[in-house]
Amino acid sequence: MNRIYNQIKFLLYSLTATAFCLFLVLIYFLLQLPDDSNLKNYQPDVMTRIYDSNGQLVKEFSKEYRIFVPIDNIPASLKHAFISAEDKNFYNHIGIDPTGILRALIRNTYYFFSDKRPEGASTITQQVAKNFLLSDELSISRKIKEALLAIKIDATLSKSRILELYLNQIYLGYGTYGVAAASNRYFNKSLDELDLSEVSFLAALPKAPSRYNPKKNYNKSFIRRNWVLYRMYINKYITAEEYEASIKKTIQMAETEKKPVFSSDYYLEEIRKQIIKAYGEDALYGGGLSVRSSLDTSTQRIADLALKSGLLEYDKRNGYRGVIDNNRNKSWFLEHIGISQPHNFFMARVIKIDELKGIVEIEVLKDKDIVKGHLTNFNWARKSLGNGYLGPKINKANEVFKLNDIIHVSYNKEKLYNLEQLPKINGAIIVMDPHTGRVFALSGGFDFFESNFNRVYQAKRQPGSSFKPFVYMSALENGLQPNSLILDAPFVLDQGEGRAKWKPENYGKKFYGPSTLRKGIEHSRNLMTIRIAQYLGMDQIVELAERTNIMSNMPPVLSMALGAGETSLFKLTSAYASFANGGKKVSGSLIDRIQDRRGKNIFIHDQIICSNCSMPYIEESPKPDIIYKSEKIFDEKNAYQMVSILKGAVDRGTGRKTKIEGIEIAGKTGTTNNNTDAWFIGFTSDVIVGVYAGYDKPESLGKRETGSSVAVPIFKSFINDYYEDEKVLPFIIPAGIELIKIDYDTGQISNKINDIKTIYEAFGKSDKLSTFKETLIGSEGFQIIETENSDENEFLIY
């Protein structure tokens, strides 16, 4: 009896000790558990998505490719698919599934003796614990922690929250995290667009995303997808009819979109920089922002191609700098496979030159394939001698090529190949709404991957004559009129003892005597501009440059009036917009709206308010009451006078190559000293376009290359394509303007009919009494003297 008693006593002690040890082990692991309190408010890193102005996705920024979707917006069929595949008792267990563990133990015991891979028994809650709070270490210790955490999580979070965390965090292959990202990348669909066969495919992926990728193992992915459908059927989530219909469907992945010929990389990179500056890198790469940009992809395509075509045209007329390489190796193309080529270029090698037939045969690398073709259009390839000078004309192909030369080519409409070269020149274009500042398109260079330096924003260059309209605007603000006479004659400034005299000249080195203010801009007269600046005082010009944000802290010296300071294409184009919009200051904007991951607006670009647009519309409703929030920096009358003058520059001045029948265009060219930089800023009634071209390391574009020959063709190409199927409204004449016929040369009233020298000049109605006062600006304070070495008269400032 005592023996039995002692055995029972020993058994009780052993059980107590075992329970106590287990309790200590439990306490040990509980103390080691990571803090799970932040799961309640956990926000996973979610990509920021950039959309164009029409709502089309154009770019994503992320550390991980993830799109967060609240659980209420996830379709029930997708939830059922994952629950059937991963954890059928999800809604009934306490975080761990005892029946699942027992089933796994029995099966794994059998698998151990049959050399099969053991199966797991992790619930969805356990996977959340592992993915968010634990490592991927394979150990009993980690499994115990995982189970304990799962129980704790299940007790503190709702099943919906646990499922939301799981479906937004899980890796599903193809570089995607979460079901929404996987849906987008595999099928190019949102979750609510998926059919039953597609949601079951996504649910098939967690076990082994790479193994079940249809592109690698279609049969395995097909079988696994159908297994998920079967689980949904036996769990009564779908009917027999739905099951039979779905298992017959093939898995159709979305095609990878081909890269377009045009690029918006410069635009999107600037958006990236602006978001980081405003909200930080974490917000951009993990904040799940939704950004609606002002980008119009159709306009971007036109702008990008116009810029590239214009730069190529200039580069070709300035000669060929030679082939890329010479390579006799038959596998020459291997080092170029997978390397993106600029624009629409291909790498090619010359394999045959037949001078008798005039044929150059080439082999061309297209993607990973080699195709043969004939090279045409290489007569332009005269040797570049620099500064616009060319070698002799090309008569034979062997004057340009040798066998095995590696070259760039493009494919033309005649299915032949053209010789190309990467331009040495670079440039930029920006397209903007002059009334709101919304930037429809921009390109900061020929090729983003060759140089991501954005010449719209980052290139600080002298604007040259394109700055002159602001000098003349200051003149209009200070009482001068478009027909005021300005002296165009030699000008010499004594800069002090020991310094050479400053002698600015007109382009062409001619002088035209007394000329109207209008002519000074239309024909870009340097000497008239200098005299106006001296008459007004440079403080006036400095103030206006500051007011328009063209440049800050401009030195108050006369050379600045000729555009000797530095600014960017973005700033100069924004300033010109104030002419086009009636005098309102605009700041160009690439972003219309930013929303956080929950859809709350955190930024809205809004320079216009409509005070009565929220009222119900009826036929007798008043017109929209539009209020502009922009600062007024020019009088509307003066702004229109400048528009009229700049329109004259296009109709008959330095920008006349821009003129297009049926389209009212205003604008101004700009060329800097030694023909280093070329500009054209032009606008219609509803769009403004800025163009810049020049070398990144400043050098002359060539003796005859100016804004008119380099920048204007780019602008004109854009405008022609932009308005191809659109009507263009004329410039609006404000109420305070009166048009009066004057003689173009003298500025006096003209009563002539059908006279080519008679134009309609814009005057403010309140200016009529002083309009025709005869004043010659530039003659005051000067003395005419004879110089010893010249027959010309010079004017000295005292």
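The values are calculated or read from the model by the stated rules, or taken from the named source; none is laboratory data. The structure presented is a predicted model; accordingly, all values stated were derived computationally and were not measured. All Cβ positions, glycine included, derive from the backbone under ideal geometry; neighbour counts span all protein chains shown. These area figures cover heavy atoms from the full protein model, side chains too; ligands, DNA and RNA do not enter into them. Shrake-Rupley method; radii C 1.70, N 1.55, O 1.52, S 1.80 Å.
Applying the Karplus relation 6.51 cos²θ - 1.76 cosθ + 1.60 with θ = phi - 60° to segment 371-387 yields 3J(HN,Hα) values of 10, 9, x, 10, 9, 10, 6, 10, 5, 6, 7, 5, 4, 7, 9, x, 6 Hz, where x marks Gly and Pro. Applying 1/(1 + (r/R0)^6) with r as the Cβ-Cβ distance of K413 and N73 and R0 = 45 angstrom yields a FRET efficiency of 0.40. Rg and Dmax of segment 625-686, based on Cα coordinates, read 14.4, 50 Å. Under a 5 Å amide H cut-off, with hydrogens placed 1.01 Å from N, I777 pairs with L485, I486, L487 among residues at least 5 apart or on other chains. Measuring between alpha carbons in the structure, the pairs from K393/K697; K468/K510; K368/K402; K273/K697 lying more than 27 angstrom apart are K393/K697.
Treating the Cα atoms of segment 400-531 as identical point scatterers in vacuum, please give the log10 of the normalised Debye intensity I(q)/I(0) at q = 0.12, 0.15 Å⁻¹, two decimals. Calculated log10 I(q)/I(0) at the listed q: -0.80, -0.95. Separation between the W227 and L57 pseudo-spin-labels, each 7 Å from Cα along Cα→Cβ, expressed in nm? Computed distance between label sites W227 and L57 equals 2.9 nm. Judged by the mean number of other Cβ atoms found within 10 Å, the most tightly packed of the peptides 701-713, 390-402, 516-528 leads the ranking 516-528, 701-713, 390-402. Seen from all directions on average, segment 261-357 presents a Cα convex hull projection of 10.9 nm².
Other residues lying with their Cβ under 15 Å from the Cβ of N601 contribute a combined charge of +2, Lys and Arg counting +1, Asp and Glu -1.
What the Kirkwood sum gives for segment 40-79 is a hydrodynamic radius of 12.2 Å, with every pair of different alpha carbons counted.
For segment 388-438, the relative contact order works out to 19 percent when only alpha carbon pairs closer than 8 Å and six or more residues apart are counted. The alpha-carbon of K396 sits under 23 angstrom from the alpha-carbons of these lysines, leaving out residues fewer than 8 places away in its chain: K316, K352, K357, K372, K383, K415.
Ranked by the mean number of other Cβ atoms within 10 Å per residue, highest first, peptides 647-656, 503-512, 46-55 order as 647-656, 46-55, 503-512. Rolled with a 1.4 Å probe across the full set of protein chains, the surface gives Y411 an accessible area near 100 Å². Between the amide H of L289 and those of T48, R49, distances stay under 5 Å, these residues lying 5 or more places away or on another chain, with hydrogens modeled in the peptide plane. Calculated FRET efficiency, K424 to N452, Cβ-Cβ distance, R0 = 25 Å: about 0.90 to the nearest 0.05. Subtracting the Cα-Cα distance of Q43 and V557 from 0.36 nm times their residue separation leaves 179.3 nm of extension gain. Each of E543 and I756 was given a label point 7 Å from its Cα along the Cα-to-Cβ line. The distance between the two points is 4.3 nm. In segment 394-480, Cα pairs under 8 Å separated by at least six residues give a relative contact order of 14 percent. When you filter the trypsin sites (Lys or Arg not before Pro) in segment 278-357 for DSSP loop state and at most 15 other Cβ atoms inside 10 Å of their Cβ, you are left with R321, R328, K330, K357.
3J(HN,Hα) along segment 55-72, derived from phi through the Karplus expression 6.51 cos²θ - 1.76 cosθ + 1.60 where θ = phi - 60°, amounts to x, 8, 5, 10, 6, 10, 10, 6, 7, 10, 6, 9, 10, 6, 10, x, 4, 5 Hz, with x in place of Gly and Pro. Simple spin-label estimate for L729 and K368 gives 5.4 nm between the two label positions (7 Å along the Cα-to-Cβ direction from each Cα). Rounded to the nearest Hz, the phi-derived 3J(HN,Hα) couplings of segment 346-358 under the Karplus curve 6.51 cos²θ - 1.76 cosθ + 1.60 (θ = phi - 60°) are 10, 7, 8, 10, 6, 10, 7, 10, 10, 5, 5, 8, x, where x marks glycine and proline.
Along the Cα-to-C-beta direction of R328, a point sits 7 Å from the Cα; which residues of segment 385-404 have their amide N less than 14 Å from that point? Hits in segment 385-404 for R328 at 14 Å: 403-404. Were the residues from H336 through I602 laid out at 0.36 nm apart, the gain over their Cα-Cα distance would be 91.3 nm.
Between K352 and N673, how high is the FRET efficiency from 1/(1 + (r/R0)^6) when r is the Cβ-Cβ distance and R₀ = 60 Å? Nearest 0.05. E(calc), rounded to 0.05, equals 0.80. Orientation-averaged projection of segment 631-737 equals 8.2 nm² [convex hull of Cα atoms, one quarter of hull surface area]. Between R211 and K396, residue separation times 0.36 nm minus the direct Cα-Cα distance comes to 60.8 nm. Considered as an equivalent ellipsoid built on the Cα gyration tensor, segment 289-442 has semi-axes of 34, 20, 13 Å, the largest given first.
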